[in-house]
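Everything on this sheet refers to the single structure shown next.
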Amino acid sequence: MIFLKKYIQKILIFNRVITVKKPKVLLLGYEDFTKYIEKYLIRNLLEVDFLKSNKIFNIAKIEQYDLVIINWAEIVFKDSLNIESDLHKTEEVLSIINKKNIPIFWIVHNIFPHELATQDKIFYEKLNNVFIEYSTYIFALNEYEVNVLKKIGAPKEKIKKLFHPHYHTEFKDLKLNKKIAKIKIKRKKTDFIYLTFGYIRPYKKIPDLVRNFKKIKTESDYLYIIGNAFKKKYVEEIKNLIEDDHIILIDKYTSDSMLAKYISASDVIVFNYEESLNSNSGAVCLAQSFSKPIICPRHSMFNELVNNKFAISYSSEDELIATLKKIKDQDLSKMGDSAFAKIQGKDFNFFSKEIVRYYKEIKK
């Protein structure tokens, strides 16, 4: 009889476990980065609705969600016909979510969009204030971002530092041996390849990089510029500067496998970004994921890389030119190993588990 009673209890407990409702998440963000968060949130037993536009305004039954994650705040203005109206709608929706005691997590990538019209800046400032007010937690992806958030008024207790995840797990099957990759892109094994990649946008100062590369290049040096064109006029400016078969511009959509091939073939990744409040770069994490040395400016978030053994930094144009030369005399393999070691354990699975952990803490 006692045995039967215990058996029935086990069945009841088992049935209760398998019928537990999964927490449901509304995940709002751009395709890049967000798709990996979605993948691992699902693996960590959450149900996810992934929206890639401001459809948050059209959700009639917001109460169906247990958690709202905003990945890139500016997506609420995507394809907006009236920014001011969308700002008010955003505040209204977030207020409703707040009143229903649904946690809101804001993952901050940039304080302002990279290309920001002067007349729109006030609306983005207001948008940041709205997210600061209604977010339960605000996730900063590096130390610099923590300080920027404090400067714009985010309360210390809301800010959670959760470093930008690396891409090794997502790209490991696409990586190639450097010499093999160079052959695949029709370069000699002994050629030295500088690479800059990602959206081709003005803040990356690619024309300056082209001009400075021309000053130092030898017969075996090549500069590759890989990425989608953000504005045709800007790309035309770059094309007019090139006039050199040692500078290769690929200004079109690049698949993961194609991008992996060029990163694998490169000897060093160059980031010639201008200084701004924008505080994060997924491209740096991707470079580290491929064990690549980095050349970067000495400002903003890049300051966190200055004392690392995988980055050489500069603070002037003359110093950049000297660094482009100097990098060839470094132990690139050792620098690459240091780059990869720095990101260990910080993948998208860890990132998503931390999101789940913070959610569970709130729900205790």
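Quick note: the coordinates plus some simple rules give every number you see, no bench work behind them. Keep in mind it's a predicted model, so treat the numbers as computed, not measured. Glycine gets a Cβ as well: all are built from the backbone with ideal geometry, and neighbour counts include every protein chain shown.
Here are some notes:
- Mean separation of Cα contacts under 8 Å, 6 or more apart, over the residue count of region 196-253: relative contact order %: 45
- Equivalent-ellipsoid semi-axes of region 284-364, from the Cα gyration tensor, Å, largest first: 33, 15, 8
- Entry note, the chain: relative contact order of 16 percent, from Cα contacts under 8 Å with a spacing of 6+ residues.
- Which labelled figure in [x] 21.3, 63; [y] 21.2, 72; [z] 23.4, 89 is Rg and Dmax of the Cα atoms in Å, once derived from the coordinates: [z]
- Distance from region 299-341 to region 217-247 (C-alpha centre basis), Å: 22
- Region 192-300: relative contact order as a whole-number percent, Cα under 8 Å and 6+ apart: 33
- Cα-centred dipole magnitude for the chain, charges only on beta-carbon of K, R (+1) and D, E (-1), debye, nearest 20: 1740
- Straight-distance candidates among the aspartates and glutamates for linking to Lys239, with alpha-carbon spacing under 12 Å and chain neighbours fewer than 8 residues away dropped: Asp251.
- Positive-end residue, the chain charge dipole about Cα centroid, Cβ charges, pick of Val148, Pro297, Phe33: Phe33
- Per residue convex hull volume, Cα atoms of region 153-203, in Å³: 169
- Neighbour counts of other Cβ atoms within 10 Å put Ile159, Ile122, Ile321 in the fewest-to-most order Ile122, Ile321, Ile159.
- Whether region 69-175 is rounded, prolate or oblate, judged on the alpha carbon gyration tensor where a/c under 1.5 counts as rounded: prolate
- A run of the chain free of exposed loop cleavage sites, with GluC sites (Glu not before Pro) counted only in DSSP states other than H, G, I, E and B and at most 16 other beta carbons within 10 Å, reaches its longest extent at 1-114.
- Pairs exceeding a 23 Å alpha-carbon distance, out of Lys182/Lys214; Lys188/Lys325; Lys35/Lys205; Lys39/Lys353; Lys184/Lys231: Lys35/Lys205; Lys184/Lys231.
- Straight-line reach from Lys342: taking Cα to Cα under 19 Å and skipping same-chain neighbours fewer than 8 places apart, the lysines in range are Lys161, Lys172, Lys175, Lys292, Lys309, Lys334.
- Rounded, prolate or oblate (a/c below 1.5 giving rounded, otherwise prolate when a/b exceeds b/c) for region 87-147 by Cα gyration tensor: oblate
- Using alpha carbons only: equivalent-ellipsoid semi-axes of region 213-364, gyration tensor based, whole Å: 30, 20, 16
- Ordering Cys285, Cys296 by the number of other Cβ atoms within 10 Å of each residue's own Cβ, fewest first, gives Cys285, Cys296.
- Low-density loop cleavage sites - chymotrypsin sites (Phe, Trp or Tyr not before Pro) in region 245-302, where at most 16 other Cβ are within 10 Å (DSSP): Tyr253
- Aspartates and glutamates with Cα under 16 Å of Lys189, excluding same-chain neighbours fewer than 8 positions away: Glu219, Asp221, Asp267
- Working note: 222 nm ellipticity from helices only, DSSP H runs with n ≥ 4, each -39,500 (n - 2.57), summed and divided by the residues of the chain, gives -13000 deg cm²/dmol to the nearest 500.
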